[in-house]
Amino acid sequence: MKPPPFDYHGPASLGETLRVLAEVGPHGKVLAGGQSLIPLLNMRLAAPAHLVDINRVAELDTIAAEPGGVRVGALARHAAVERSAAARAVQPLLGQALRLVAHPVIRNRGTVVGSLVHADPSAELPAVLALLGGSVRLARLGGEREVAAAEFFTGPLESAVAPGELAVSAFFPALPERSGTAFCEVARRHGDYAVAGVAAAVTLDEDFRIAAARVACVSVGPVPVVADVTEVCGPRPAASVGWDVDWDAVARAVQDRIDPEEDIHATATYRRHLTGVLVTRALKSAAHEAGHGEQGEL
Amino acid sequence: MSERREPAREHVTGVFGKRVQRREDARLITGRGRFLDDLGGNALAAAFVRSPHAHARIRDIDVAAALDVDGLVAIYTWEDLPGVLAEPLPLLIPHPALTHGRTAYPLAREVVRHVGEPVVMVVARDRYVAEDACSLIEVDYEILKPVVGVEEAAQAAHLVHEDVPGNVAAHMVQEVPAPDGRSAREAIEAAPHTLAFRLDIERSACTPLEGKGVYARWDADDESLRVYSSTQTSTSVRMAIAAKLGLPLPKVEVIAPDVGGGFGVKIVHPWPEEILVPWAARLLDREIKWTEDRREHFISSAHERAQVQYVRVGFDDDGRVLGLDVNILHDNGAYTPYGIIVPIVTSTQLLGPYKIGAYRVEFSSIYTNTVQVTPYRGAGRPQGVFCMERTMDRIAAHLGRDRTDVRAANFIQPDEFPYDQGMTFQDGRPLIYDSGDYPESLRMLKELIGWDSFPAMRDQAAAEGRRIGIGVGCYVEGTGVGPYEGGHVQVTSDGRVHVSTGLTSQGQGHETVFAQIVATELGVPFEKVSVVTGDTRRFGYAVGTFASRAAVVSGNAIALACRKVREKALRIAADALEADPRDLEITDGVVHVVGAPSASIPLSTIAVLSNPLRYAFDDETRRATQFASAPSPDRPPVSEGEEPGLEGRDYYSPIRSTFASGMHAAIVETDPLTAEIKILRYAVVHDCGKLINPMIVEGQIHGGVAQGVGGALYEKMVYDQHGQLLNASFMDFLMPYATEVPRIETTHLETPSPLNPLGVKGAGEAGVIPVSAVIAAAIEDAEGIPIDRMPISPSDLHALRLAR
Ligand SMILES: Cc1cc2nc3c(=O)[nH]c(=O)nc-3n(C[C@H](O)[C@H](O)[C@H](O)COP(=O)(O)OP(=O)(O)OC[C@H]3O[C@@H](n4cnc5c(N)ncnc54)[C@H](O)[C@@H]3O)c2cc1C
């Protein structure tokens, strides 16, 4: 479990980073928090000839929370984003999801952008980006492009980042007023990648009826599976006895969209079942938050 | 039955029995531990090309491409091994029933029989380079049919070893007839109630946080070898190395440095690396180190647990077992270096605290193309206890009786000790329980967990839409097996006490516990005592640390050595003080006349007196030179029959094992929707005889229960049909984190062992033994679905719910 030989580059600026990346092209890999890449190197599952370490590029260590959303720079650690009150205020789902990402020590090193680029279908943050319709900004020597989440995740452990490109930031849009979010998952052990997990966002109208409801599911497809369930959910009025929603129908609607596989931890049947349970839990919780708890017990 | 040889002294007032802080911890938790990989910073590194196939014939090994790697030093294959080194590794524990024992070659010869079997050894400047070279070596394999799964293997469509028919390494039947002479099968036929069922336990493994490792230094001038190994037995590794390398034993030293856990896997020896690394170090006259990595540990060390059990039981209306017939298929993997200890332990310890009418147990130990199976903490007992306790629960369910009542109906009673189970134990000696109090243990457990008030708790939970269940499990554990251990205790003229014993430590706290014994036995301050374990330079005779034996066997040996030292000290002091030795006591390192504290002499002075000197180096030694003191001129300076120095050495060789016992109970909650399983409470009543240090015993229990939780809910080795281990990393082999281990509530019961001077029994393994049985029982209770197979995941539970 030692990596094969590689050339190490430690650029100190964004410009230098892009120059190195352009030079090494398909033979280079960016090293961010290293929490996914280093194990891959040690197991010799990845063998890049060049490692471009961006940890000295201070200008990438940014978290910018604006009313429209949160822009997270490539060096912002999971832990920093999780702790950022400004980010939490603009997009609470970030904090809700990050709490479920690995363990504190890994969150101290791992980066949000690295997690997106790594594109693990079981990871939380790709689901968050996909659910919110966010985007990733990719820079190359002499150019930049903004890729929408829907185009960014192209397959398991595959993203739209091309050789020579650096993901410089990711944008997580804010939600309209009277919105709520939640992330519910079941992992085998505390902090593990989820067996199944669901991110949900619900927006209520002025009468506190469900105006929009979306979920993104992890571990049940090659990329996060986003489903708009607004129609199945609503618009339902907030009855005093709870949300008058046919939750089973909602769960079924999502279960029809996913394509879980069996692995050593869970059968496909269980993952499908679990996703249904979590869809309901996450949507109820998100709706509850959207109504600031005004609607009582769900 | 033998009496305690001598009443243990001062146990009431000494540090024996106290919650003394572990003296290892300051070193270990501040990063000052010295583990194998901390040593030998300048050594060359070894790495191995290991088989990627479960079963294959080696056609050719082509090393050409690796030869150009800068920093490569040597490449070895089986062909390079000289003499006995080229022979198969030792079969450590032969047994008449092991008719077809097989062991691996240090490097594969012709055939590989599991993924991970070492084929080529590479020595290079560092581990990176060594692995680079490994990746360039091409081994041409002819793939053979892999044999995976114990039932498939038993059908023997394909063979793991060409010359082992049926893939059967061993077959053994043990029968204990009922008092009326009836066989188990007859007793079952005649019983009012009978049940038959099948149980499955998956593979798990020790997975110590530190893998194995060897570091060898050859001294060409001295023609001697020093080897550091992360082992559970340095003395035996030493003998193996001397034998395999043809070196005189005195020219080989083996030291176990700080060892980051063993749990059984490091008692197996010599591992291929343990002889190949020293061999190459001598050959190349270079220091060489090999540090096992995690993947290597998963695929090329050892696993345990996997068994299929077929159970038939006959019982009466009270749930008393009249006959029990168990047939076990035991998966021993590709080789049997540790013999058939595991299935023997399962077969014998299955009986637990019960006296059952008649018993028949049969096992077949079967080869598969998987990693070999050798003892892992508990060593076959978790499987045996799973079998017996699941049986008890089934009987209770069948009769509609309380599960604890059924157990109580079968208990051996306190006045029935010594109790002979009529079988032969793993040490070849009769399975005779020395002491215990099972009814009291159960009473304590029921009180601790609140057994009788649980139905109300369950109703309350149900009213909240929650599902909870309770389970209980009992075990008896033969501990402290022989043949022996020794202890050496020396008091030096500075008043310090140096203790050594040959067995090793893997974090148990031996430095603390043995020092407590010595401080108490000798009457010296605890701080003055230092303990060395596992260093053949200090103590050459030992067996090793396994089978919960260190406190029992080394502990008693050290106590006996202390008594020799004490006797000698009193003899010398009596002379000096002109007193009767019987009137002398030692307190705080000072010998004094009882009732006359001023008539005293410190042990440091006695150490001086015991060793008459010609040369002086300091104040202390000056007092011992020939002109400083004037012993009687008509006596030699060292009296006849005496030896210089205030030291003693003694050995303890137990007549047979001492039997610890315990009972666990758990309350679990299962999520009605997600099928997640949560342990709400975990209670332990633990009886290891006299407690030397309750805190350390509790630590052992906690660690054991944690591993048990792993075995019950998380850990399994998943092999596919090609014999590939699919989860050979900590990412997919789910060892529980601290977050998965419940708070463990522990109570101690002390029934001293009558077999040894200290009255102690082993405590190292107990925690892990009944956990799977207990958790299965609690889940079954919560769900109302029979749980016959462990571990169980939420996905498994969901599948059981669907199948209901
Ligand atoms: C024990 C453990 C448990 C974990 N559990 C979880 C979990 O539950 N959920 C979860 O989501 N994650 C989990 N992770 C992964 C963790 O979140 C990683 O930190 C994250 O996936 C990758 O981020 P990183 O900064 O460490 O990236 P790295 O490991 O440095 O890189 C990962 C990949 O992304 C590329 N990359 C990184 N940054 C950039 C960039 N700016 N531009 C272009 N390419 C880039 C790298 O080249 C590499 O291919 C776990 C990790 C561990 C070790």
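The values are calculated or read from the model by the stated rules, or taken from the named source; none is laboratory data. Since the structure is predicted, the reported quantities are computational estimates derived from the model, not experimental observations. When we count neighbours, we look across all protein chains shown, and the Cβ atoms used for this are built from the backbone with ideal geometry, even at glycine. Protein only, heavy atoms only, side chains kept; ligands, DNA and RNA dropped before computing areas. Shrake-Rupley method; radii C 1.70, N 1.55, O 1.52, S 1.80 Å.
A few notes on this one:
- In the stretch A:179-292, the C-alpha radius of gyration followed by the widest Cα-Cα span (Dmax) gives 14.0, 47 angstrom.
- Theoretical ellipticity at 222 nm over chain B - DSSP helices of four or more residues, -39500 (n - 2.57) apiece, nearest 500: -7500 deg cm²/dmol
- Size of electric dipole in the stretch B:81-211: Cβ of Lys, Arg +1 and of Asp, Glu -1, about Cα centre, debye, nearest 20: 240 debye
- In summary, the lysines within cross-link reach of A:LYS284, defined as a Cα separation below 30 angstrom excluding same-chain residues under 8 places away, comprise B:LYS678.
- Bridging of B:LYS761 to lysines at a Cα separation below 29 Å is possible for B:LYS18, B:LYS212, B:LYS266, B:LYS355, B:LYS446, B:LYS528, B:LYS564, B:LYS568, B:LYS690, once same-chain residues fewer than 8 apart are set aside.
- The stretch A:114-217: GluC sites (Glu not before Pro) in DSSP loop, at most 12 other beta carbons within 10 Å: A:GLU177, A:GLU206
- Of the DSSP H helices in chain B, those whose Cα atoms cover at least 20 Å axially and whose Kyte score averages 0.0 or more: B:555-577, B:694-709
- Solvent-accessible area buried by pairing B with A, both sides, nearest 100 square angstrom, 1.4 angstrom probe: 2400 Å²
- Think of each Lys and Arg Cβ as +1 and each Asp and Glu Cβ as -1; about the Cα centre, that makes the dipole of chain B roughly 660 debye.
- Accessible surface for B:SER530 stands near 50 Å², nearest 10, in the context of the full protein assembly shown (1.4 Å probe).
- Cα gyration tensor shape for the stretch B:16-168, rounded if a/c is under 1.5, else prolate or oblate: oblate
- Straightening the chain between B:THR621 and B:ALA463 buys 48.9 nm, computed as 0.36 nm per residue apart minus the Cα-Cα spacing.
- The portion of the accessible surface of chain A made up by carbon and sulfur, rounded to a whole percent, is 51 (1.4 Å probe; DNA, RNA and ligands excluded).
- Taking the 1.4 Å solvent-accessible surface of the stretch B:692-804 as the whole, the part contributed by carbon and sulfur is 57%.
- Computed from point charges on the beta carbon alone (+1 for Lys and Arg, -1 for Asp and Glu), the dipole magnitude for the protein assembly as shown about its Cα centre is near 800 Debye.
- Other-chain or far-sequence residues with amide H under 5 Å of B:ASP258's (modelled H): B:ARG34
- Probe 1.4 Å - accessible area at A:ASP205, Å² to nearest ten: 30 Å²
- Accessible surface computed residue by residue for the stretch A:59-141, with neighbouring protein chains in place and a 1.4 Å probe, gives 34 Å² per residue.
- Furthest towards positive pole of dipole, B:SER183, B:TRP78, B:PRO353, structure part chain B, Cβ charges: B:PRO353
- Interface residues, the stretch B:769-804 - accessible area loss of 30 Å² or more versus chain alone, probe 1.4 Å: B:PRO794, B:SER795, B:HIS798
- B:HIS702, B:HIS722, B:HIS161, reordered so the largest accessible area comes first (probe 1.4 Å): B:HIS722, B:HIS702, B:HIS161
- The loop-placed chymotrypsin sites (Phe, Trp or Tyr not before Pro) in the stretch B:581-659, going by DSSP, that have at most 16 neighbouring Cβ atoms within 10 Å of their Cβ come out as B:TYR615, B:PHE617, B:PHE627.
- Coil-residue GluC sites (Glu not before Pro) of the stretch B:615-717, DSSP, other Cβ within 10 Å capped at 10: B:GLU640
- Accessible surface, 1.4 Å probe, highest first, among residues B:TYR359, B:TYR714: B:TYR714, B:TYR359
- Interface residues of the stretch A:264-289, defined as a loss of at least 10 Å² in heavy-atom accessible area between the chain alone and the complex of all protein chains with a 1.4 Å probe, are A:ILE264, A:HIS265, A:THR267, A:THR269, A:TYR270, A:HIS273, A:LEU274, A:VAL277, A:ARG281.
- Partner lysines whose Cα lies under 25 Å from the Cα of A:LYS29, excluding those fewer than 8 positions away in the same chain, are identified as A:LYS2.
- Hydrodynamic radius of chain B per Kirkwood, over alpha carbon pairs, in Å: 28.2 Å
- Short-range pairs are left out: with C-alpha atoms under 8 Å and at least six residues apart, the relative contact order of chain B is 16 percent.
- Positive-end extreme of charge dipole, chain B - chosen from B:TYR615, B:MET717, B:PRO752 (charges on Cβ): B:PRO752
- Label-to-label distance, nm, for residues given as A:ARG236 and B:HIS171 (7 Å Cα→Cβ offset): 6.4 nm
- B:VAL718 - accessible surface, heavy atoms, 1.4 Å probe, Å² rounded to 10: 30 Å²
- Per residue, the stretch A:147-201 exposes 33 Å² of solvent-accessible protein surface, assessed with a 1.4 angstrom probe and all protein chains in place.
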